[in-house]
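The values are calculated or read from the model by the stated rules, or taken from the named source; none is laboratory data. Keep in mind that this is a model prediction, so the values were computed, not measured. Here the Cβ is made from the backbone with ideal geometry for all residues, glycine too, and neighbour counts use every protein chain on show.
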Amino acid sequence: MIGRGLEFLARHAVLMMAAGVFLGLASPDLAQRLAPLVRPAVFVILVLALLRVDWGAMLTAARPGPTALILLWLAAGAPLLVLAVVEALALPEALKTGLVLGAATSPVISSAALAILLGLDGPLAIVPSLLATLLVPLYLPPLALWLFGLELEVGMLGLMARLGALAGGGLLVAYLLQRLITPARLLAQARRIDGVNVIVLLLFAVAIMDGVTATLLERPGLVLLYVAAAFLANAGLQAVGTLLFAWMGRARALTCGLMSGNRNLALLLAATVDQAGFEVTLFFVVAQLPIYILPALLRPLYRRLLGRGSPAQGS
């Protein structure tokens, strides 16, 4: 019974993710109770994603040239583009900081699974997403605090340490679990693991909404501005990323666009939740909305663009 329930959740992951956000907004008391779970939930999501990785197969299938170009765009090109745009706009400084940091962090760790659910090229997303996640403690703090001149109370070394603990700790726990559980058993339980992941994502989606409903009622203009900026940034980076990698074929280009827009703001939120300042944290929270909602809205568009062929086919 439990197993079938988990498999059901895995099959309807995209809709469940969107529902979690609205549940958190509609139930502020529940969001407040679950708020302490934000950091543990991010850690568990990382572990569950890394647990499914076949490192040998991943390294064998990786194409160094395209992977390096995708990483360069994700880590440097996208945040530089966003920095240039926000500097030309009259936006609150906290929003500018959130937008640039959001564009600089790694893609969501579930990029490959999300790409498969949307009919895109899941294998292409695996290596850049994982490498960016493991490297983000090294490149994001100096990039943000030195090159871009952004300021956070946590400081560069503190941010590196927090990101490193989350990403490195998740990798270590996943590696130990892989040593204890046979690959055959992991494969056999894949859908149930995905179901557990959906439950954790739901808890996270509700928990991060703590305080957002009250802020929406007190300062609706501010929240709506941040929500609009989050959706525009996500969709804009998806569009630019898709165009930049159009030479790889339609499905692969759309996958690069998906990684470009859907960034792991949860990792930043968990690392800076008590140090980033209220408005920067608010942006990290509302920026989850397009990550959770856009896949459900864009799925028909992806299907139309790709036709009914193989997810990995070119244009």
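Count, please, the residues in segment 103-130 that happen to be part of a helix (DSSP H, G or I) and at pLDDT 85 or above.
Final tally of qualifying residues: 4.
Candidates 201, 171, 163, 237: the one that is under 17 Å from the mean Cα position of the chain (by Cα), part of a helix (DSSP H, G or I) and at pLDDT 95 or above is 237. Take the residues in segment 245-283 that are among the aliphatic types (A, V, I, L, M) and surrounded by fewer than 19 Cβ atoms within 10 Å (Cβ to Cβ), then tell me which one is farthest from residue 201 (Cα to Cα). For segment 245-283, the residue satisfying everything is 246.
In this structure, is residue 206 farther than 17 Å from residue 24 by Cβ and among the β-branched types (Val, Ile, Thr)? No; evaluated as a whole, the condition is false for this residue.
Name the single residue, out of those in segment 68-79 being surrounded by fewer than 17 Cβ atoms within 10 Å (Cβ to Cβ) and within 18 Å of the chain's Cα centre (by Cα), that is farthest from residue 126 (Cα to Cα).
The selected residue is 76.
Inside segment 100-114, residues that are more than 22 Å from residue 85 (Cβ to Cβ), touching a residue at least 60 places away in the same chain (Cβ under 8 Å) and more than 8 Å from the chain's Cα centre (by Cα) make up a count of 2.
Would you point out the residue of segment 17-38, among those that are buried (at least 21 other Cβ atoms within 10 Å of the Cβ) and farther than 11 Å from residue 203 by Cβ, that is nearest to the chain's Cα centre (by Cα)? Among those residues, the one meeting the criterion is 17.
Of everything listed in (1) in contact with a helix residue (DSSP H, G or I) (Cβ under 9 Å, 6 or more places away or on another chain); (2) within 22 Å of residue 247 (Cα to Cα), the single unmet condition for residue 72 is (1).
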